[in-house]
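Please read the structure below before turning to the comments.
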């Protein structure tokens, strides 16, 4: 396992965005405070935390709008510095985390975090194979729905770890923000997979509208 954070982690709160460990996310960074955050993170532990803004964030977006207490600490997979001093990033989720004390408010927030490990499991457990197969089959059935069901192409390969498959499908799904936050809060990968499977089945009946901005916006 990579080294856990040793200091407060810069927090990037976004509306409708929920990131999971082992999943990737592209982001375009253009606000001055978050460009500063990226530069600071790159010169430090190379970690930032993705947080989900609570409803009503529009009233205080330029200040300190509230965000949900559970999010994801991510590392930089690639960084492109653009001519206009903005950044295109590709992040890779590392750990689920609970946000604790706000250690810094300006120009961006940084929080102490409690890393939330998933319950241990055996990759060779037949139950993991069964849950993976069922989830992948449902995912493949939903692929023709395109953007009605997915924010980005979901992971459908079978060579990744069970948790990687579950988390990538969860992050890629066009489920509600509340549903994805519920999934992120579940410690057991088996329970997360089962709940995700249940939620994906509801998409076939009534695809929910997109929640929050398109990925890559801030």
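The C-alpha atoms of the chain define a longest principal axis, and helix 32-42 lies at about 70 degrees to it. What number, in percent, do you get for the relative contact order of region 9-116 if the mean sequence gap of Cα pairs under 8 Å and at least 6 apart is divided by its residue count? Rounded, it is 34 percent for region 9-116. Calculated [222 nm] ellipticity per residue, helices only, for the chain: -9500 deg cm²/dmol; basis is -39500 (n - 2.57) per DSSP H run with n ≥ 4, divided by all residues, nearest 500. Assign one of three labels to region 126-205, namely rounded, prolate or oblate, based on the Cα gyration tensor with a ≥ b ≥ c the square roots of its eigenvalues; rounded applies when a/c is under 1.5, prolate when it is not and a/b is larger than b/c, and oblate otherwise. Because a/c hits 1.5 or more and a/b fails to exceed b/c, region 126-205 counts as oblate.
Determine the percent antiparallel among the DSSP beta bridges restricted to the chain, to the nearest 5. Mind dumping the intermediate values first?
Values: 31 of 35 bridges.
Beta bridges within the chain, antiparallel portion: roughly 90 percent.
Here, region 2-77 is characterised by an Rg to Rh ratio of 0.94, where Rg is the alpha-carbon radius of gyration and Rh the Kirkwood radius. Working from Cα positions, state the angle (0 to 90°, nearest 10) between the long axis of helix 189-205 and the longest principal axis of the chain. For 189-205 against the chain, the angle is about 80 degrees.
Computed from the coordinates by the stated procedures, all read-outs in this text should not be read as laboratory data. On a predicted model such as this, the values are computed, not experimentally measured, just so you know.
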